[in-house]
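Laboratory data are not the source of any read-out in this text; all were calculated from the coordinates shown. Since the structure is predicted, the reported quantities are computational estimates derived from the model, not experimental observations. Cβ atoms come from the backbone with ideal geometry, glycine included; neighbour counts cover every protein chain shown.
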Amino acid sequence: MEFGSSFGTCFKAATRSKHQRFSFRVSAVSYKEFAESALQETRKRVVLEPSPLQERYSSMTGLDGKTQLQMLAFKSPKIRLLRSMAIENETIQVFDFAGFMKPEYDTPIFCANVFTSANMNIVVLDLNPLHQLTDQTDYQDKYYKNIMSIYHKYDEIFPWGGKLTGESIKFFSPLVMWTRFSSSQEKHQALFSAFLEYYQAWLEMTIQVKEEMEPSQVRANLEAQHKYLTWRAQKDPGHGLLRKLLGEAKAKALLRDFLFNGVDELDTKTFIDYFPEYETEGGTVSDKRSIIGKSFETRPWDSNGRFIGYESELE
Ligand code: BLA
């Protein structure tokens, strides 16, 4: 798969048109354009229909009266949910873009998350694997082996972001870009370019993937996606901010019904079923973000994408 050339051109065009705005206020990056560009690329290849979620979630204003949230949601014959959320106010910008397949397909989950505040950016960009990579090297070969060059193109400008919640690593692939950086025009443009390249790789996978006919495999895909949704609907690092911006009830609805839609529909298993180590003595889910704590100071994959952290850390 080769995506380089067309994106080179579109990256340059975007650079010029945004130049003036960035030169006045670096933090004025708008992630709405990231979403629009990805959707434009999608429409060239796939027929998108609006998701029924779009009627309930389109835009919201935060409790402060100033923060704007913009939501977009689509589906296609193969894609269960392609959704975007962009949050903006005077001090922060957040972007959360994800794509989830129907369970008949084992394509990874597209995951782009950017949190920008004052001068600081926290980024996760990845095609999150649906199946464990350590014991399923065929899954790794099928989806990641041939596209590791995309990661290497950005590994210098976006180095590993340091220790992170240990539990998160098992949701990441060797392609993951996990990074933190101070805002600059150059970095935000490179991020835009990386986002579109990762997205284009994912889109190509969704087009190539064949429907799974084996019921046990469809079931395995569904369970894996449900486990992922269950984790993120409960423990995603954005929760605190969403609660602050929207209040408890609206934040919960946004998380369970929109961002991680499917958590209450795809399966009946609970968070404790998947992550029993979080069960408190009273039987509730612990409020702790992490049981393992922060780990992985350095990137636990070698340059070929082979996992070099301890396997016990993935259990
Ligand atoms: C921080 N966001 C982080 C961190 C990660 C992620 C790894 C560093 C803190 C940590 O180690 O947990 C992102 N973690 C992910 C992703 C997955 C994961 C994408 O496990 C997927 C499996 N971030 C958002 C949204 C908001 C947000 C929507 O995606 C806000 C609405 C905010 N992320 C946010 C904030 C921080 C953060 C405020 C810093 C605070 C913190 O470290 O807890």
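Mean sequence separation of contacting Cα pairs (under 8 Å, at least six apart), scaled by the length of region 102-248, corresponds to a relative contact order of 33 percent. When you count the other C-beta atoms within 10 angstrom of each residue and take the mean per peptide, 190-200, 233-243 line up highest first as 190-200, 233-243. Between Lys294 and Gly166, the built amide H atoms are under 5 Å apart, and every one of these is 5 or more places off in sequence or on another chain. Near Ala220, once Lys and Arg are set to +1 and Asp and Glu to -1 for all other residues with Cβ below 11 Å from its Cβ, the sum equals -2.
Cα centroid separation, region 214-259 to region 78-101: 13 Å. A Stokes-Einstein calculation at 20 °C with viscosity 1.002 mPa s, built on the Kirkwood radius of the chain over Cα pairs, returns a diffusion coefficient of 106 µm²/s.
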